[in-house]
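Chemist: One structure, as structure tokens, below. Some questions next.
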Amino acid sequence: QVQLVESGGGLVEPGGSLRLSCAASGNIISSETMGWYRQAPGKQRALVAQISRGGSTNYADSVAGRFTISRDSAKDTVYLQMNSLKLEDTAVYYCNADIWSSSPYGLKNYWGQGTQVTVSS
């Protein structure tokens with residue numbers, strides 16, 4: 001079984017910074033594309049950023065230039081550095097990853113439990 005555990009959420013003032021981390025654990029052969037999604041109250045969950053195993057990145061237009069996604073493939077961990085945070089960045093942030101698992105064997109998509117990010121003055 002594979003689990004994704006997020007950390008690093010919290011309360012920050014507008015213009016501030018936070019760094020989210022997501023560590024995958026379990027029967028992992030390799031982690032493939034990893035990313036972050038967010039869901040604000042009353043809205044659908046939406047992609048924030050993704051990073052491939054090779055390091056290619058993709059960002060939502062609303063965060064490009066402010067957020068940076070990175071990964072440590074040896075640790076099956078993905079990070080999201082969030083700078084210049086705005087009120088509209090307030091949401092629950094979810095980690096997502098495609099992971100090859102040895103038990104049960106196969107490639108499967110996994111979600112973390114979510115971490116709250118609140119931007120407020």
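The values are calculated or read from the model by the stated rules, or taken from the named source; none is laboratory data. All figures in this text were calculated on a predicted structure; none of them were measured in a lab. Neighbour counts run over all protein chains shown; Cβ positions are idealised from the backbone, glycine included. In case anyone asks, the SASA skips ligands and DNA or RNA and just uses the protein heavy atoms, side chains included. Shrake-Rupley method; radii C 1.70, N 1.55, O 1.52, S 1.80 Å.
Chemist: For E13, indicate whether it is touching a strand residue (DSSP E or B) at 6+ places or on another chain (Cβ under 8 Å), in contact (Cβ under 8 Å) with a residue 60 or more places away in the chain, open to solvent by 40 Å² or more (accessible area, probe 1.4 Å) and under 14 Å from N109 (Cα atoms).
Modeler: So E13 does not fit the description; no.
Chemist: Let me ask you something else. Going by the conditions given, is L18 buried (at least 20 other Cβ atoms within 10 Å of the Cβ) and within 16 Å of the chain's Cα centre (by Cα)?
Modeler: yes
Chemist: Now, a different point. Quick check on my filter: what residues within segment 5-15 are in a loop (DSSP other than H, G, I, E, B) and more than 12 Å from the chain's Cα centre (by Cα)?
Modeler: E13, P14, G15
Chemist: Quick check, is S31 modelled with pLDDT of 95 or more, surrounded by 14 or more Cβ atoms within 10 Å (Cβ to Cβ), part of a strand (DSSP E or B) and in contact with a helix residue (DSSP H, G or I) (Cβ under 8 Å, 6 or more places away or on another chain)?
Modeler: yes
Chemist: While we're here: Of everything in segment 38-64 that's hydrophobic (A, V, I, L, M, F, W, C) and in contact (Cβ under 8 Å) with a residue 40 or more places away in the chain, which residue is most open to solvent (accessible area, probe 1.4 Å)?
Modeler: A40
Chemist: I'd like to check which strands (runs of 3 or more DSSP E) are fully inside segment 65-121 and have at least 3 residues that are free of Cβ contacts under 8 Å to residues at least 40 places away in the same chain and open to solvent by less than 50 Å² (accessible area, probe 1.4 Å).
Modeler: Strands (runs of 3 or more DSSP E) meeting the threshold: 67-72.
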